[in-house]
1. Would you confirm, using the coordinates I've provided, whether Asp62 is modelled with pLDDT under 85 and either surrounded by fewer than 16 Cβ atoms within 10 Å (Cβ to Cβ) or over 30 Å from Phe9 (Cα atoms) (or both)?
2. In segment 99-118, is there at least one residue being open to solvent by 60 Å² or more (accessible area, probe 1.4 Å), among the acidic types (Asp, Glu) and on the phi > 0 side of the Ramachandran plot?
3. Pairs needed: first member in segment 1-16, free of Cβ contacts under 8 Å to residues at least 40 places away in the same chain; second member anywhere, open to solvent by 90 Å² or more (accessible area, probe 1.4 Å) and in a strand (DSSP E or B); C-beta distance under 8 Å; at least 6 residues apart or different chains.
4. Quick one: in segment 141-163, which of the residues that are at pLDDT below 90 and open to solvent by less than 40 Å² (accessible area, probe 1.4 Å) is nearest to the chain's Cα centre (by Cα)?
5. Taking the criterion of being farther than 23 Å from Asp70 by Cα, modelled with pLDDT of 85 or more and of a type outside the set (Gly, Ala, Ser), would at least one residue in segment 98-106 satisfy it?
6. For segment 18-37, which residues satisfy the criterion of being touching a Lys or Arg at 6+ places or on another chain (Cβ under 6 Å) and either more than 19 Å from Leu95 (Cβ to Cβ) or at pLDDT below 75 (or both)?
7. Would you mind stating whether Ile123 is under 30 Å from Ile197 (Cα atoms) and free of Cβ contacts under 8 Å to residues at least 40 places away in the same chain?
8. When you go through (1) open to solvent by 70 Å² or more (accessible area, probe 1.4 Å); (2) under 18 Å from Leu2 (Cβ atoms) one by one for Val73, which number turns out not to apply?
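The values are calculated or read from the model by the stated rules, or taken from the named source; none is laboratory data. The structure displayed is predicted, hence computed values, not measured ones. A quick note on method: Cβ atoms are made from the backbone with ideal geometry, for glycine too, and the neighbour counts reach across all protein chains shown. All accessible areas refer to the heavy atoms of the entire protein, side chains included, with ligands and DNA or RNA removed. Shrake-Rupley method; radii C 1.70, N 1.55, O 1.52, S 1.80 Å.
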Amino acid sequence: TLVIPALSFKGISLQDLMDKKAYIREIKMENPELNIISGIKASDGKLNINANTFREIRPYVDVDRVILNDAKVTIRSRRDTENIIGTEKFSAIILSRSALAANDAEGILSSFTNVNMDHLFFISPRLQIEMFGGSIDYSGKAVHFEHIEGAINDRKIIAQLNDVTIHGTPDLRPFKKDETRHISKVRVGSGNLDITINENPATDKNENGEL
């Protein structure tokens, strides 16, 4: 489901609309909310993107860019209902022509620029992670977060990390099942790692660490 409380257009021609071919310079969505139920995949296990649907739109609508401000996105698994991933106050500029020309999810994601995520979270029965102040450099295969909090195995491992940058290898393609998901480097400015073994907590503090 998609809810858009405020929607504005720039550079639109009424004559083009009457001719059933609209050029829109900019579409801005304020505080949109998107809820997705995942689990629909192609037979080869890859994300199912129907590129023909996007191509059918192109002759009638030409949008230069779409701006998302303070979006809220929640994705739940159809099979594992306790698995939830989402983001609040998500902002991005989507280069629409690149997105419409994409053949898969990787191509669509590469059309996103100026991506900022104030709050990203992942929840499952064994893992809970919250990330704050996030930004993505998709072309550079890197993501940065100002602060990360996480817990694993019924909170037996608890982490609080600051100034975290995750670098992927040049061949990283996260939406291709037949590709290996490589991370070349994780840099942590500072943080705490609490590990409970036999109910006895041990704390390892890292300052300007690089993993």
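1. For Asp62, the condition - modelled with pLDDT under 85 and either surrounded by fewer than 16 Cβ atoms within 10 Å (Cβ to Cβ) or over 30 Å from Phe9 (Cα atoms) (or both) - is not met.
2. No, segment 99-118 contains no residue that is open to solvent by 60 Å² or more (accessible area, probe 1.4 Å), among the acidic types (Asp, Glu) and on the phi > 0 side of the Ramachandran plot.
3. Partner pairs satisfying both residue conditions: Lys10/Arg25; Ile12/Arg25.
4. It comes out as Val143.
5. Taking every residue of segment 98-106 in turn, none turns out to be farther than 23 Å from Asp70 by Cα, modelled with pLDDT of 85 or more and of a type outside the set (Gly, Ala, Ser).
6. Glu33, Ile37
7. No, not satisfied.
8. In the conditions (1) open to solvent by 70 Å² or more (accessible area, probe 1.4 Å); (2) under 18 Å from Leu2 (Cβ atoms), Val73 misses (1) alone.
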